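Structure first, then comments.
The values are calculated or read from the model by the stated rules, or taken from the named source; none is laboratory data. Nothing here was measured: the structure is a model prediction, and the numbers come from that model. When we count neighbours, we look across all protein chains shown, and the Cβ atoms used for this are built from the backbone with ideal geometry, even at glycine. Just the protein is used for accessible areas: all its heavy atoms, side chains included, with ligands, DNA and RNA removed. Shrake-Rupley method; radii C 1.70, N 1.55, O 1.52, S 1.80 Å.
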Amino acid sequence: MSFHRRPFRLAALLALLALAGCAPGDSAARVKPPAAPPADVAGLCAKLHAGLPETVAGLARTPTEPESDLTASWGGSAIVLRCGIPKPPAMADPKQEGVEVNGVGWLLEKTSDGGFRFTTGARLAYTEVRVDKEHATDAGMLVGLSAAVAGAVPVGISSY
């Protein structure tokens, strides 16, 4: 995965996400927590969960069903976070796109439904953030989430 500076690609991504915005939902999001990660990873995820912001990209935090320290959501299902996921196969692809926000590297993938999935790299716990195309407002959400990740999940390579 490459984290070379790609200002034009990031600018294009920001514009695309801004154009995809619509009104956020306010109901609980059904989020399947990752299968039980190792205890050390689960501990890092619990620390991250406690430090997550109440709003992301102007969307209020909403409950997840089932409730878990491994998941969080904002604006219903507009932005969904899952911590403690296994290493994504795309992480091994050197051609895969990536961005760095406030010292946190993120793998960038477009999902089949037109949304986006961002996954942290070079951290002791992998964290995935999915942005629903219908509810996304902009990639500025990675600013607050990157600060939370940097404060809770140390730099390193997860063995999970």
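Residues being at pLDDT 95 or above, more than 12 Å from the chain's Cα centre (by Cα) and open to solvent by less than 20 Å² (accessible area, probe 1.4 Å): count how many of those fall in region 63-79.
1
Go through the residues of region 34-50 one by one and say whether even a single one is modelled with pLDDT under 95, surrounded by fewer than 18 Cβ atoms within 10 Å (Cβ to Cβ), over 15 Å from the mean Cα position of the chain (by Cα) and at positive phi.
For region 34-50, residues modelled with pLDDT under 95, surrounded by fewer than 18 Cβ atoms within 10 Å (Cβ to Cβ), over 15 Å from the mean Cα position of the chain (by Cα) and at positive phi: absent.
A quick yes/no check of all residues on (1) in a loop (DSSP other than H, G, I, E, B); (2) modelled with pLDDT of 90 or more; (3) acidic (D, E); (4) open to solvent by 50 Å² or more (accessible area, probe 1.4 Å):
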position: E109; (1), (2), (3), (4): no, yes, yes, no
position: D113; (1), (2), (3), (4): yes, no, yes, yes
position: F118; (1), (2), (3), (4): no, yes, no, no
position: T127; (1), (2), (3), (4): no, yes, no, no
position: R130; (1), (2), (3), (4): no, yes, no, yes
position: K133; (1), (2), (3), (4): yes, no, no, yes
position: G144; (1), (2), (3), (4): no, yes, no, no
position: A147; (1), (2), (3), (4): no, yes, no, yes
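Does region 102-124 hold any residues that are under 18 Å from A147 (Cβ atoms), within 12 Å of the chain's Cα centre (by Cα) and not aromatic (F, W, Y), and which are they?
V104, G105, T119, T120, G121
How about region 94-107: which of its residues are more than 17 Å from G156 (Cβ to Cβ), touching a strand residue (DSSP E or B) at 6+ places or on another chain (Cβ under 9 Å) and not in a strand (DSSP E or B)?
Listed by number, the residues that qualify are Q96, E97.
Does region 51-62 hold any residues that are within 11 Å of V149 (Cα to Cα) and either open to solvent by 60 Å² or more (accessible area, probe 1.4 Å) or in a helix (DSSP H, G or I) (or both), and which are they?
If the condition is that a residue be within 11 Å of V149 (Cα to Cα) and either open to solvent by 60 Å² or more (accessible area, probe 1.4 Å) or in a helix (DSSP H, G or I) (or both), then G51 is the only one that fits.
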